[in-house]
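The values are calculated or read from the model by the stated rules, or taken from the named source; none is laboratory data. These numbers come from a predicted model, not from an experiment. Here the Cβ positions follow ideal geometry from the backbone for every residue, glycine too, while neighbour counts run over all protein chains shown. Areas reflect the complete protein model, heavy atoms only, side chains present, ligands, DNA and RNA absent. Shrake-Rupley method; radii C 1.70, N 1.55, O 1.52, S 1.80 Å.
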Amino acid sequence: VLSEGNKKAIKNLLQKIHSQTEVLGAEALARLFECHPQTKSYFPKFSGFSANDKRVKHHGALVLKALVDTNKHLDDLPHHLNKLAEKHGKGLLVDPHNFKLFSDCIAVTLAAHLQEFSPETHCAVDKFLEEVTYQLSSLYR
Ligand code: HEM
């Protein structure tokens, strides 16, 4: 459960990254593809998997925007993420294990780019991504 302090840290961070969703999202995806090449199989239409690739940038921006959009919904993540959970759980059938791998790549990307990634912010980000993962994994039945 996110404490009030965690929420404050997340809100701060999401506000900071809201103008950098493409760069950060593309890098997080590129890290996922590099460190866990099996994840490329979910993106058969991609022709390249580096952070400079057009489709990686486009998709990375979509994903990070979705995270930034949770900013005003931290108290209501289940409802807010319901559509995305349906899409991943019933449509895309992404193995939920991959959410954990991707969460780690997102955290590393944020840490590499943001000075304010203190131990407290790190902890808040981990908890936040765990909640997002829990919700996105909730409709696989
Ligand atoms: C699509 C978010 C994790 C695979 C999407 C979309 C969003 C999104 C916003 C676009 C939805 C739409 O078009 O309606 C997220 C978030 C994640 C996450 C917030 C976790 C933090 C993953 C993981 C994988 C994955 C781990 C697989 C390794 C896909 C695929 C699509 C997709 C294959 C469709 C791509 C396409 O349209 O070509 N995701 N995602 N996602 N996601 Fe995720």
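Here are a few things to note about the model shown:
- Per residue, in Å², the accessible surface of the chain once ligands and nucleic acids are set aside, probe 1.4 Å: 59 Å²
- The range 4-140 - percent of accessible surface contributed by carbon and sulfur, probe 1.4 Å: 55 percent
- Theoretical FRET efficiency, 1/(1+(r/R0)^6), r = Cβ-Cβ of Lys8 and Ala112, R0 25 Å, to 0.05: 0.65
- Every helix of 4 or more DSSP H residues in the chain counts as -39500 (n - 2.57), and over all residues that averages to -19500 deg cm²/dmol at 222 nm.
- When the GluC sites (Glu not before Pro) in the range 99-137 are filtered for DSSP coil states and for at most 16 other beta-carbon atoms within 10 Å of their beta-carbon, the remaining sites are Glu116.
- Shape category assigned to the chain from the gyration tensor of Cα positions, a/c cut at 1.5: oblate
- Of Arg141, Arg31, the residue with the largest accessible area leads and the full order is Arg141, Arg31 (1.4 Å probe).
- Each of the peptides 59-70, 5-16 was scored by the mean count of other Cβ atoms within 10 Å over its residues; in descending order, highest first, they stand as 59-70, 5-16.
- Estimated at the nearest 10 Å², the accessible area of Cys35 is 90 Å² with a 1.4 Å probe.
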